[in-house]
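Reviewing the structure listed below.
What follows is calculated from the coordinates using simple rules that are stated; it is not laboratory data. From a predicted model like this one, the values you see are computed outputs, not experimental measurements. All Cβ positions, glycine included, derive from the backbone under ideal geometry; neighbour counts span all protein chains shown.
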Amino acid sequence: MMKIEISKYVSPLAVLLDKPEAYKAERFEEAKKYVGEGMELHVSSRGVWSGRFKEPRSVQSYERIGYHSGAEWLLEGFLLAGGKAFFHGFDGIEGEVSL
């Protein structure tokens, strides 16, 4: 399992957020909900995240980690809540990641 540093994936657009702490809390809650529903987080080679659930269901996003503001907080919150996250070539990493 590869350890990652979330600060490396902060969006350059984050400075434009009006209330970053409130948005961060919102993203953490979203991540916690996904973990509670049994989702695994997957990050493609281009940094776009998606989720797979144990039941035949998935979530597809357009958000890129490191580009869209708050996407890094979703990833961080997901890992802090005990979720499993996998990189598929993103940032040169292949496999499960942790903080």
Handout entry: 10 Å binning of all Cα-Cα separations within the chain, expressed as whole percents from 0 upward
Key = 17, 53, 27, 2
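Taking the Cβ of each residue in Ile93, Ile4 as the centre, tally the other Cβ atoms inside 10 Å and list the residues starting with the fewest. Let's see the in-between values first.
Working: Ile93 15, Ile4 22.
Arranged by neighbour count, lowest to highest, Ile93, Ile4 become Ile93, Ile4.
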Problem - Stretch in the chain that is longest and holds no GluC sites (Glu not before Pro) that DSSP places in a loop and that have at most 15 other beta carbons within 10 Å - result: 38-99
Problem - Gaussian network model of the chain, Cα within-10 Å springs - most flexible of Tyr34, Tyr23, Tyr62 - result: Tyr62
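Is it possible to state the helix-based mean residue ellipticity at 222 nm for the chain, with each DSSP H run of 4+ residues giving -39500 (n - 2.57), the sum divided by total residues, to the nearest 500 deg cm²/dmol? What is it?
On the way: 2 runs with 27 residues, N = 99.
It lands at -8500 deg cm²/dmol.
If you count the DSSP beta bridges with both ends in the stretch 2-98, what percent of them are antiparallel, to the nearest 5?
Numbers: 12 of 17 bridges.
Among the beta bridges of the stretch 2-98, antiparallel pairing accounts for roughly 70 percent.
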